[in-house]
Number of protein chains: 2
Amino acid sequence: MGRTTLDTAALAHELRLAVMRFSRRLRNQRVDTSVTLTHLAALSTLKQHGPMSPGELAGHERVQPPSMTRVVVALETAGLVTRTPHPTDGRQVVIELTPAAEEMLTAEAQAREAWLAGRLHELTVEERAVLREAAEIMGKLAGG
Amino acid sequence: MGRTTLDTAALAHELRLAVMRFSRRLRNQRVDTSVTLTHLAALSTLKQHGPMSPGELAGHERVQPPSMTRVVVALETAGLVTRTPHPTDGRQVVIELTPAAEEMLTAEAQAREAWLAGRLHELTVEERAVLREAAEIMGKLAGG
DNA sequence: TATTGTTATACTCTATAACTATA
DNA sequence: TATAGTTATAGAGTATAACAATA
C-alpha cells in the first residue's frame, strides 16, 4: 500500500466524519419548519432542471422512487408542485413547480440559508474558494 | 448587497445541496450493516478523544443527549463500549471503548471506507487536496 | 436549585417488498 | 414481460418534554 493509498484512506475517514456532522448541523438549522431541507432540495432540482417525472427526480436526488413519492405527495399537498399526466406515456406523471413554489424559492432564498451564509461570511475568501471547489467535487462523487 | 454577499449566498445554496446528496450517498454505502455510520462516528470520536461522558460525546457529535443515550445503549449492547460510574461525580458515567471496538476500528478501517476511498482514488491529487482542506473547514463550521 | 442522564413519545427520512396500471 | 408509480411496512436517526438521581 503506497503513500497515496494511505492518504486516501485517511481523507475518506476525515471527510466522512466532517460531512456527517456538517449535514446534521445543516438539517437542524432549518428555521421555516413548514418546508424541510429534503423538500427544498427537490424543489431546487425542479427549479434547476425543469419539470420531470418522479423517477427522474428520485434519480437526481439519489433516493429510491418510493421515497420521492412521499416527498412529492407532501409538496403537492402544500401546493408547491403539480402532478399532471405525461402527454404520451400513460404510466408517467410530470412534476412541475407551481408559481407559489417559484415565488417561495426566490423570496426566501437568502433567509433560508441565513445560518450557513452567515458562517460562510466569517471565512476567508480562500476558504470559501475551497468550499466552492469542494461542493463541485462532492457533487461529482455523489452523482457518479 | 455587495458581490461577496451574493457569492456567499450562492455558495451556501450549492454547498447545502452537495453536502446533503453526498451524506445520503455515504449513509447508503455502508457494507457492514451491523454497525451504522452514526455508531461509527461515535466510536471514532471516542478513539480520537478518549473516554468521556455521554453529554460530552453528544456535544462532540452535535446531537442532543437523548439521541446519544440511544447510540450508547446500542453500542453497549453490541459490546463496543462500557459504561462505568464517574469516580467523583455520581451523576455522570464514563463511556469507554472496549478492546473489541479498538480491534474493529483498526481492522475494518479500510474496508469500511472502501467505497469513498475508491472514489477518492479516482480524483486528481489537487482535488483530494481541496477535499482535505474542505473537511477541515466543514468541521470548523459544524463545530462552532 | 442546577446538572446529568434516562425514559417516553413522536416525527422525518429512507429503504425493501408487493401491488396497480400502462407499454 | 417490462416499466413507472404507488402503497404498505419497517427501521434508523433525531428531537422535545418529562422524570430520576446527584451535586
Exercise. Going by the structure shown, is A:R132 away from DNA strand D (no atom under 16 Å from the Cβ) and at pLDDT 95 or above?
Worked result: yes
For this session: Have a look at B:L131, B:L105 and point out the one that is under 30 Å from B:L11 (Cβ atoms) and either free of Cβ contacts under 8 Å to residues at least 24 places away in the same chain or open to solvent by less than 70 Å² (accessible area, probe 1.4 Å) (or both).
Result: B:L131
For this session: Identify, from the list A:T84, A:T106, A:T98, the residue that is modelled with pLDDT under 95 and hydroxyl-bearing (S, T, Y).
Result: A:T106
For this session: Working only within the stretch B:39-51, note down all residues that are open to solvent by 50 Å² or more (accessible area, probe 1.4 Å) and under 21 Å from A:S23 (Cα atoms).
Result: B:Q48
For this session: Taking B:L80 as the residue in question, decide whether it is surrounded by 15 or more Cβ atoms within 10 Å (Cβ to Cβ), under 29 Å from B:P54 (Cα atoms) and in contact with a Lys or Arg (Cβ under 6 Å, 6 or more places away or on another chain).
Result: no
Seminar exercise, completed: All-but-one check, A:L116 against (1) at positive phi; (2) facing chain B (nearest Cβ under 10 Å), failing number (1)
Problem set entry | Output for the stretch B:83-97, where each listed residue is near DNA strand C (Cβ under 7 Å from one of its atoms) and buried (at least 20 other Cβ atoms within 10 Å of the Cβ) | none
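Residue-wise test of (1) at pLDDT 85 or above; (2) within 19 Å of A:L15 (Cα to Cα); (3) in contact with a Cys (Cβ under 7 Å, 6 or more places away or on another chain).
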{"position": "B:M1", "(1), (2), (3)": "no, no, no"}
{"position": "B:T8", "(1), (2), (3)": "yes, no, no"}
{"position": "B:E14", "(1), (2), (3)": "yes, yes, no"}
{"position": "B:R27", "(1), (2), (3)": "no, yes, no"}
{"position": "B:V31", "(1), (2), (3)": "no, yes, no"}
{"position": "B:T38", "(1), (2), (3)": "yes, yes, no"}
{"position": "B:A58", "(1), (2), (3)": "yes, no, no"}
{"position": "B:R62", "(1), (2), (3)": "yes, yes, no"}
Exercise. Name the helices (runs of 4 or more DSSP H) wholly within the stretch A:1-109 that hold at least 2 residues that are within 13 Å of chain B (Cβ to nearest Cβ) and closer than 30 Å to B:G59 by Cα?
Worked result: A:3-28, A:37-49
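Please find, within the stretch A:20-37, the residue that is surrounded by the most Cβ atoms within 10 Å (Cβ to Cβ) out of those that are within 12 Å of DNA strand D (Cβ to nearest atom) and not charged (D, E, K, R).
A:F22
Residues are listed down the side, and each one gets a yes or a no for (1) within 24 Å of B:R24 (Cα to Cα); (2) within 12 Å of DNA strand D (Cβ to nearest atom); (3) in the same structural domain as A:A42 (by TED's automatic domain parsing); (4) within 19 Å of the chain's Cα centre (by Cα):
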{"residue": "A:R62", "(1), (2), (3), (4)": "yes, no, yes, yes"}
{"residue": "A:P65", "(1), (2), (3), (4)": "yes, yes, yes, yes"}
{"residue": "A:E76", "(1), (2), (3), (4)": "yes, yes, yes, yes"}
{"residue": "A:G79", "(1), (2), (3), (4)": "no, no, yes, no"}
Problem set entry | Matching residues in the stretch B:52-72 - criterion: being open to solvent by 50 Å² or more (accessible area, probe 1.4 Å) and away from DNA strand C (no atom under 11 Å from the Cβ) | B:H60, B:R62
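The values are calculated or read from the model by the stated rules, or taken from the named source; none is laboratory data. Just so it is clear, the structure is predicted and the values come from calculations on it, not from any experiment. Counting neighbours? That spans all protein chains shown, and the Cβs are built from the backbone with ideal geometry, glycine included. The accessibility values were calculated without ligands, DNA or RNA, using every heavy atom of the protein model including side chains. Shrake-Rupley method; radii C 1.70, N 1.55, O 1.52, S 1.80 Å.
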